[in-house]
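Structure record follows, encoded as structure tokens.
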Amino acid sequence: MLYERFKKWIVAAELAMALVFTPILIGQGKKMIQIKGSDTMINLVQILAEEYMGKNPKATPIAVLGGGSGTGITALINGTTDIANHSRDLSPKETNQMWERGVKPRVFAIAVDGLSIIVNEKNPLNQLTMDQVGAIYRGDVKNWQAVGGPAQPISLYGRQSNSGTYAFLQEHVLKNKNYSPDVKEMNGNAQIIEGVAADAAAIGYAGVGYVVDKATGKPMKGLKILNIAKDAKAQGYSPTDKAAVDSGNYPISRALFQSTNGKPGADAAAFLQFILGPEGQKIVEREGFYPIGAKYIEANTKNLK
Amino acid sequence: MTKQRLRNLKESAAKAFFFTNGILAIVVLLGIFVLLLASAVPAFREIRIKEFLTSAAWDPTSPVKAEYGILSMIASTVLVTVVAVVIAFPIGLGVAAYLSDVAHWRVREIVKPIVEILAGIPSVVVGFLGIVLLGPALAKLFGKTHGLNALNGAILLAVMALPTIISISEDSLNAVPSSYSEASLALGGSRWQTLIRVKIPAALSGIIAAFMLGMGRAIGETMTVLMATGNARAFPHGLLDSVRTMTSNIAIELGEVPYYTTHYYALFAIGLVLFIMTFGVNLVADVVLRKYQEREQ
Amino acid sequence: MKTRFLKALALTTALATITVPALPQTTTPPPQTFGTTIYLDYSFWATKEGPITSNALNNKFAFRRAYFTYENKISADLKFRFRFDAENARVLTSTTGSTNEQLKPFMKHLYLDWAGLLPNSSLKIGMTETLAFKVAEDRWGYRSVAKTLVDGYKDVTGADIRTSSADIGINLTGAISKELRYGAMVMNGEGYSRPELNKYKKFGGFLQFVPLPGLNVWGYAEYEKVADGQNAKMYKVDVYFDMIPGLNVTGEWFTYDSDAKFNKVANADGTTSNAHFNIGGFSIFATYKITPDKLHVFARYDGYQPDSTNGAKEVSLVIAGVDWTPFHPSWKIQPNVWFYSYKDSAKKNDVIVNITAFLSF
């Protein structure tokens with residue numbers, strides 16, 4: 001009864017909106033897989049996306065953006081991204097928010113980021129604890145004698161502040177304190193390795209892919225890779241021990257994650273399967289990260305179902 | 001138009017063209033200064049000037065507290081530059097004097113082009129030689145474990161500044177009118193006395209210009225020091241310490257710094273300090289030069 | 001020589017004055033943010049006979065709201081906010097006009113937010129948002145188009161229920177687990193438009209259950225003494241359904257029970273007595289993101305009951321509209337239609353069409 005009079009108006013309004021918005025909606029057309037988040041992971045994921053699109057020219061194109069782990073997770077909650085990259089776990093606040101908004105995240109570990117601590121092969125030490133490495137790089141410990149080595153001042157080698165490796169070590173090992181001002185800040189992994197190989201009192205850090213000779217699997221000439229123990233009582237593990245890195249026994253490592261809202265759609269799932277499969281993991285290794293091990297593989301397969 | 005008016009027009013057009021080009025140099029210089037100033041001043045809204053110039057701690061990305069003190073970098077730049085000039089100047093002047101006065105013309109024909117080639121070696125290559133050749137040599141010589149320090153950088157900078165100093169000093173020594181040296185020899189002076197007491201003072205303006213250009217090359221050199229000095233942020237306590245100069249710091253950090261943050265403006269502020277230092281050096285040289293010219297007259 | 005020098009100086013000064021303004025402007029360092037939000041409307045009446053639409057004014061431009069917000073993140077746990085608001089009084093439904101109704105700015109929020117008291121909590125002190133309808137407003141998201149049920153109630157019905165969106169006091173909100181949230185507040189009770197004139201404060205609290213991801217049940221109660229022996233209570237229950245991606249459906253229901261609300265009723269013996277009445281209403285709305293951050297649609301149905309003893313005063317309101325972001329997230333266009341219908345058959349329906357612009361930077 002009420003609507004008879006206003007049928008004209010309502011119909012007119014609906015028609016107008018349809019006329020205006022249909023072309024816009026059709027124009028929305030070309031869909032892309034949106035991936036947003038961690039700046040640590042952006043290069044790796046961009047290369048993975050490029051190789052995937054190269055192998056599958058008919059697949060939906062992929063757009064990868066940075067902004068930080070927090071930005072990616074927020075975008076996942078708001079529905080403005082299909083996959084969120086994050087190099088840290090979800091915070092309780094984010095988990096609460098997701099629960100409230102009906103977002104059920106499925107988290108996939110796609111790579112493991114780890115650092116090896118290297119010294120010159122003439123250095124008699126074989127193992128250090130996390131605390132000792134932190135103290136050395138903070139400048140609290142200045143002589144090898146204090147950690148069980150020869151009486152010689154420690155010669156520190158590191159990266160520059162624009163490096164993700166620099167930031168990773170600062171967060172995980174230095175516990176967000178300042179680096180010692182005596183660290184020689186080299187321009188890249190190769191320079192650190194050269195420096196440590198030539199300097200008997202040196203200590204340096206680099207991704208394990210750079211310090212191991214690909215052909216023999218042994219450390220590169222002139223280097224010794226230290227075992228690192230979580231604390232004074234724990235056992236030390238080598239970063240070349242894939243099982244130790246995967247299980248978290250090797251302390252200087254973290255997993256890199258991609259999350260989707262619920263079960264990933266067909267396009268996203270295909271890309272994820274590429275990353276988690278042998279081709280993707282080969283690219284992961286090539287870019288200086290560790291491939292994922294058994295523990296994560298099992299969880300990932302479950303999440304893909 | 002009459003032929004005369006057309007000629008006048010062409011004359012004034014040519015005059016204007018050359019005038020504009022001449023002004024261009026000043027405009028560019030002033031423009032650079034203005035840009036540097038405008039990009040550096042916002043840094044001082046956050047950083048106190050006293051802290052900037054007197055604090056030895058530079059750590060803008062620190063998770064604890066961002067520090068913006070450039071004293072260590074100024075000291076490093078000064079150390080490396082002064083030592084480089086101290087090494088390069090006597091050698092350079094000596095080679096120039098040898099080439100202009102003592103050497104046989106055939107020797108000159110060979111050595112001069114070689115010196116010019118030395119000038120053309122890219123700074124990256126020189127830096128590479130510093131890491132691979134000079135570093136281990138210095139380490140062995142001084143009994144240290146590595147050779148990436150201020151001395152390494154200074155020697156490399158001396159090598160890079162030498163061709164400039166040699167070329168210009170030699171040219172200015174040659175430009176001294178032969179009547180001066182002939183008069184000195186005629187009055188009984190030895191060749192050594194002629195060189196030291198007559199030729200060099202007469203060519204002093206050119207020699208000082210060479211000195212300035214060499215020093216300018218040393219202050220502004222980025223790639224070589226970036227590779228060979230170790231880039232440690234600590235205040236240098238000696239020639240065998242790893243140092244970080246202002247130029248290498250800007251090169252290291254400007255690529256990844258987020259735009260328009262305090263860190264970004266602080267890097268431009270360092271550039272401004274560098275600019276002022278070079279400007280100051282040139283000003284001093286100019287004053288000295290003028291004084292010497294007046295004295296001569 | 002001198003003129004030439006002067007010419008050169010003039011040229012370089014000119015160049016400098018052109019280039020300097022083009023150089024990068026400073027941005028304030030991240031912890032401080034400034035924001036402005038403006039809701040601008042063009043409305044026109046589509047009917048001529050309803051209580052709102054039956055006057056000569058039948059179309060106008062109006063600012064529904066203009067906000068200026070300054071936030072400062074002092075440390076990881078401590079945040080400060082200051083917000084200025086400006087509006088014409090009773091924008092859409094007011095029909096009187098005096099010369100003193102300029103768009104006036106007033107203080108809306110001025111508070112300190114401390115997250116360190118309990119884990120996963122936030123303690124706000126100062127003039128802050130109240131708890132009564134904040135969650136519902138966030139879910140609705142179209143404050144630019146209309147206020148939610150409880151906030152806009154007095155605009156539509158003229159019945160004052162003394163619940164405001166901001167007030168001076170202290171409130172604490174937090175989460176005990178991912179399934180349970182809580183909130184408690186103590187406020188003056190007068191809102192941001194009136195000074196506190198009595199000794200009675202308003203107490204309120206809510207509990208939010210999230211039994212399943214995307215299903216929220218929110219219950220709120222509020223109590224304030226209005227005078228000796230008289231008190232006012234409000235109860236509100238909301239249900240939010242977010243289980244389908246992109247779709248949010250919300251149902252709100254509230255009732256306001258104040259001893260100060262009564263009608264004078266004539267008795268059979270000629271005396272008058274007070275007949276107490278309640279005020280209440282409910283609302284159901286849904287928003288759907290067709291293309292997230294580009295095109296959304298929304299629709300809402302409200303039922304108001306300004307007087308529980310008099311059914312004829314009931315009003316119902318239907319709102320439907322589209323939210324389109326053509327280019328940049330800082331401006332959106334939201335055409336919407338409001339459709340009022342009254343239980344009282346003497347009042348005809350009102351239909352108002354608005355084109356709302358949402359600007360934020």
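Before moving on, here are some points about what is shown:
- Candidates C:240, C:304, filtered to the one that is touching a helix residue (DSSP H, G or I) at 6+ places or on another chain (Cβ under 7 Å), hydroxyl-bearing (Ser, Thr, Tyr), away from chain A (no Cβ under 13 Å) and surrounded by 15 or more Cβ atoms within 10 Å (Cβ to Cβ): C:304
- Conditions (1) surrounded by fewer than 19 Cβ atoms within 10 Å (Cβ to Cβ); (2) over 25 Å from residue A:294 (Cβ atoms): number failed by residue A:242: (2)
- Just one of the listed residues (C:160, C:167) is at pLDDT below 90 and more than 14 Å from chain A (Cβ to nearest Cβ), namely C:160.
- Matching residues, segment A:96-136, being free of Cβ contacts under 8 Å to residues at least 60 places away in the same chain and in contact with a helix residue (DSSP H, G or I) (Cβ under 7 Å, 6 or more places away or on another chain): A:97, A:98, A:101, A:132
- Qualifying positions in segment B:51-67 - hydroxyl-bearing (Ser, Thr, Tyr) and more than 13 Å from chain A (Cβ to nearest Cβ): B:54
- A count restricted to segment B:1-52 and to residues that are touching a strand residue (DSSP E or B) at 6+ places or on another chain (Cβ under 8 Å), in a helix (DSSP H, G or I) and among the β-branched types (Val, Ile, Thr) stands at 0.
- Within segment B:139-154, the set of residues being in a helix (DSSP H, G or I) and crowded, with 21+ Cβ neighbours inside 10 Å comprises B:150, B:151, B:152, B:153, B:154.
- Residue A:179 fulfils the conditions (1) within 14 Å of chain B (Cβ to nearest Cβ); (2) on the phi < 0 side of the Ramachandran plot; (3) touching a helix residue (DSSP H, G or I) at 6+ places or on another chain (Cβ under 7 Å); (4) surrounded by fewer than 17 Cβ atoms within 10 Å (Cβ to Cβ) except for a single criterion, (4).
- Residues in segment A:104-125 that are within 12 Å of chain C (Cβ to nearest Cβ) and either part of a helix (DSSP H, G or I) or touching a Pro at 6+ places or on another chain (Cβ under 7 Å) (or both): A:104 only.
- For segment A:174-229, a tally of residues being in contact (Cβ under 8 Å) with a residue 24 or more places away in the chain, in a loop (DSSP other than H, G, I, E, B) and of a type in the set (Gly, Ala, Ser) returns 5.
- Matching residues in segment A:90-143 - criterion: being among the β-branched types (Val, Ile, Thr), surrounded by fewer than 21 Cβ atoms within 10 Å (Cβ to Cβ) and more than 22 Å from the chain's Cα centre (by Cα): A:129, A:141
- Qualifying residue in segment A:250-273 (condition: without any contact (Cβ under 8 Å) to a residue 60 or more places away in the chain and outside any helix (DSSP H, G or I)): no
- Filter pass, residue A:64 being over 24 Å from residue C:291 (Cβ atoms), in contact with a helix residue (DSSP H, G or I) (Cβ under 8 Å, 6 or more places away or on another chain) and in a strand (DSSP E or B): no
- Any chance residue A:149 is within 14 Å of chain C (Cβ to nearest Cβ), without any contact (Cβ under 8 Å) to a residue 60 or more places away in the chain and either surrounded by 23 or more Cβ atoms within 10 Å (Cβ to Cβ) or within 22 Å of residue A:198 (Cβ to Cβ) (or both): no
- Selection from segment C:146-183 of residues that are β-branched (Val, Ile, Thr) and more than 12 Å from the chain's Cα centre (by Cα): C:156, C:157, C:161, C:168, C:170, C:173, C:176
The values are calculated or read from the model by the stated rules, or taken from the named source; none is laboratory data. Every value quoted in this text rests on a predicted model; they were computed, and no experiment measured them. Here Cβ is always computed from backbone atoms with ideal geometry, including for glycine, and neighbour counts include all displayed protein chains.
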